Amino acid sequence: MKTKKLLKKVREYLDSDRREQIKRSKSIGKVLKELKEYERALKDELHAEENEKDCEPIQKEIDVIRAQRKKGLAILKEIKRTSKENSAG
Amino acid sequence: MLQRILLPAIFLFLAYGFWLSPNFKRVAAGVAIFLFGMLWLERGFKAFTGGTLERILAHTTDRLWKSLGFGAISATVMQSSSLVSLITISFLSAGLISLASGIGIVFGANLGTTTGAWLVAGFGLKIKLSAYAMPMLVFGIILVFQRSHSMRALGYVLAGLGLLFLGTHHMKEGFEAFRDSIDLSAFTVPGVAGVAVFVVIGALATAVTQSSHATLILILTALASEQVSYHDALALAIGTNIGTTVTALLGSLSSNVDGRRLAAAHLLFNVATAVLAVAFLRQLIVAVSWLSHPLGISPDDFTLQLAAFHSLFNLIGILVMLPAIPGLVRLLEWLFPSPLLSYKQPKYLNRASVDHPDAAIEAVRKETLRLYSHALTMIVSGLGLRKSEVLSTCDLEAALESSSRLIQPDIDGSYESNTKALYGAIVEFISLQRDGLSGDQIEEIHALRTAGQDVVESVKGVKHLQKNLCTHIASPDATLRSAYDGIRLRVARVLRELDRVRAAEDPTATLVTLDRVRVTLAEDDILANGMLDRLIRGGHIDAALATSLINDNSYAHDVCTSLIKMGQTLFGAHDVTRSSAERSVMLDDTEIREVAEARSD
């Protein structure tokens, strides 16, 4: 198991395309995590807001975050799929 | 003129020397191999760090001691104070660090580069360097041919080190053979004149090789083979400190006034340190021999004593000059005053930043922000508003009410003479970027170019809008006036949101807010189209006016879209990898429409 892990690490280091892909997916993952935290903060703000007019932009931002996260997750899924295909090939 | 004579003179001198002595040829070849190794090492480090060095530089220069430490450590690791100086000049020119920080880095680098002498005097002259050089060269060259960027960079570093070792080996061998034929120590002049002569020789040799490190290794090998006396070697080492400033002086020629100030500070520091070292040469020699005992240096090991002397006088120079840095900054700002720049002249773009991708990207970002600042003034006045009204929390609708008459600014003239010229300079600078850019850096620089284009497009859009705005916002027809006020309001709101995200400096908030503004824009479009239909159906406007209103709505939409796209690039994350990830999750036009439509359902 240890040798297998080590070989995986070496392969990741030597394969520049794969390294780029890992870097990209990590970076997108970080953005998605921050978006989730931002969404949570907005939801709290929305609950606390009493003025209906002020609720509208907050709700709109929540809708935007959902769309952005959906898009980001689809990209991550695609990266994972291609990386699996490449390692199988 | 001087260069035209100097180069052939150096060639003739060398050719005569080679013909006269094969040992001289060997020493000179050693220096050449050493310098070649330095070039490869610099190339490797530039590629290997992939902007890491620049990132550390940008974040660790808020305190003077940090700048000093950064200069000392980076020059120690890379064994090149010139590379550190050149990167510092590029960062200073791009407006990323202050002059005081830059001076701190250069002072620190002066100390850091002295570690090279310790390494060579401590190990290099005692072991057979060529034995290590050969495998390093072989492994290095194999790696240079690899596809992977970092492998190639590692290859350059390894081969560069191999060449450094090989060069030092040839210098050492050449001098050892020299010992039997010529005795250079016979040329020693007694007294202060002798010291001055060797200081000048050291300075000239460093100016020619462009490397104090190479000259110092040459001095150490000559000293080890007793070709020069200990005292003369000390004077030569002092000279190298003056000669090394040539690299920074040459580098500053292509930079702006800040780069010149830094190069002048470098020269002043090194000359002052050299004068101090010459004036207190005897005391320094005593101090070195006194320090030698606790450092474990034997009294007859002159090479290590030379390394200690080199470090000591640079350290004393730093201690003496450190309190003078604020005064030095004021003096340099007085000696090299900032030129009064017209808007069309670039402020941050200069050749010194071209070779350093991160500095170049930041320079482009800052210049594009400058382009936007000027465009903002034009757009706001084109809408018949004031910047203080748009970029505040005041009621925009009330501000529109009170500005029912436009003072027609000359957007066309300002666009032709300023905006186009500055954008042209940005595009030209971007085209100078060639090798060494990572995928993310290429993507970022293209995004910045597009952001500049978006700024230009938004100014053009307002230019088109202006004609009808002037006529219709003062129209007696309230319906028409209200339709055009709606157009102005949309653009002004976008400008206000952009100003808010710019001030907040929160990449996540920028990412969300600007896409939310785009959704609002899409919703406004639906509403504007509905309103237009109602106006035409109700017979409030004729066909000609309706066409104008459709066109102007479209111009306003384009202005807003361009401004938001610009904001997404300029006010988002500065880190290129993060910025690329943000671009991946930003919504495209179709997705924005989908969110807007889902909300209206």
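The values are calculated or read from the model by the stated rules, or taken from the named source; none is laboratory data. Please read all numbers here as calculations on a predicted model, not as lab measurements. Methodologically, a virtual Cβ is constructed for each residue, glycine included, from the backbone with ideal geometry; neighbour enumeration extends over all protein chains shown. Keep in mind that these areas ignore ligands, DNA and RNA; they rest on the heavy atoms of the full protein, side chains included. Shrake-Rupley method; radii C 1.70, N 1.55, O 1.52, S 1.80 Å.
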field: Under Karplus coefficients 6.51, -1.76 and 1.60, residue-wise ³J(HN,Hα) of region B:16-29 in Hz, glycine/proline x
entry: 5, x, 5, 5, 6, 9, x, 5, 4, 4, 5, 5, 4, 5
task: Over all alpha-carbon pairs in region B:351-600, figure out the percentage whose distance exceeds 24 Å.
output: 50 percent
- prompt: Got a sec to turn the phi values of region B:536-546 into Karplus ³J(HN,Hα) couplings, 6.51 cos²θ - 1.76 cosθ + 1.60 with θ = phi - 60°, whole Hz, x for Gly and Pro?
  reply: 5, 4, x, x, 6, 10, 8, 4, 5, 5, 4
- prompt: Which percent of the Cα-Cα distances in region B:470-585 go past 26 Å?
  reply: 32 percent
- request: Tell me, rounded to the nearest percent, the portion of alpha carbon pairs in chain B spaced more than 42 Å apart.
  value: 40 percent
Calculated from backbone phi, Karplus (6.51, -1.76, 1.60) coupling profile of region B:461-477 in Hz, x at Gly/Pro: x, 5, 4, 5, 5, 3, 4, 6, 4, 4, 6, 8, 6, 9, 5, x, 6
message: Just to be sure I understand the curve: with the Debye formula and one point per C-alpha of the protein assembly as shown, what is log10 I(q)/I(0) at q = 0.06, 0.12 Å⁻¹?
response: -0.49, -1.26
- prompt: Peptides B:344-351, B:489-496, A:47-54: what's the order by average Cβ count within 10 Å, highest mean first?
  reply: B:489-496, B:344-351, A:47-54
Sites B:S388 and A:E78 - FRET efficiency at Förster radius 45 Å, r taken between beta-carbons, to 0.05: 0.40
query: Ranked from highest to lowest mean number of other Cβ atoms within 10 Å per residue, what is the order of the peptides A:21-33, B:139-151?
result: A:21-33, B:139-151
- line: Inter-chain shielding metric for A:55-62, i.e. average beta-carbon neighbours from other chains within 10 angstrom, reads 4
field: Ratio Rg/Rh [Cα only; Rh per Kirkwood] for region B:188-291
entry: 1.03
message: Could you report the buried accessible area between B and A, both sides summed, computed with a 1.4 Å probe and given in Å² to the nearest 100?
response: 2400 Å²
task: Pull out a ≥ b ≥ c, the square roots of the eigenvalues of the alpha-carbon gyration tensor of region B:440-513, then state rounded if a/c is under 1.5, prolate if not and a/b is larger than b/c, and oblate in the remaining case.
output: oblate
- request: Just tell me how shielded B:496-506 is by partners: mean number of partner chain Cβ atoms within 10 Å of each residue's Cβ, no decimals.
  value: 0
Solvent-accessible heavy-atom area per residue, rounded to whole Å², over chain B at 1.4 Å: 45 Å²
- line: Expected integer from the mean partner chain Cβ neighbour count at 10 Å over A:30-39 is 4
message: Computing the accessible area with a 1.4 Å probe over protein heavy atoms, can you report the carbon and sulfur percentage for the protein assembly as shown?
response: 62 percent
- request: Report, to the nearest 10°, how far helix B:257-279 tilts away from the longest principal axis of the Cα atoms in chain B, using its own Cα long axis and a range of 0 to 90°.
  value: 20 degrees
message: With the cut-off at 1.5 for a/c, could you classify region B:72-169 from its C-alpha gyration tensor as rounded, prolate or oblate?
response: oblate
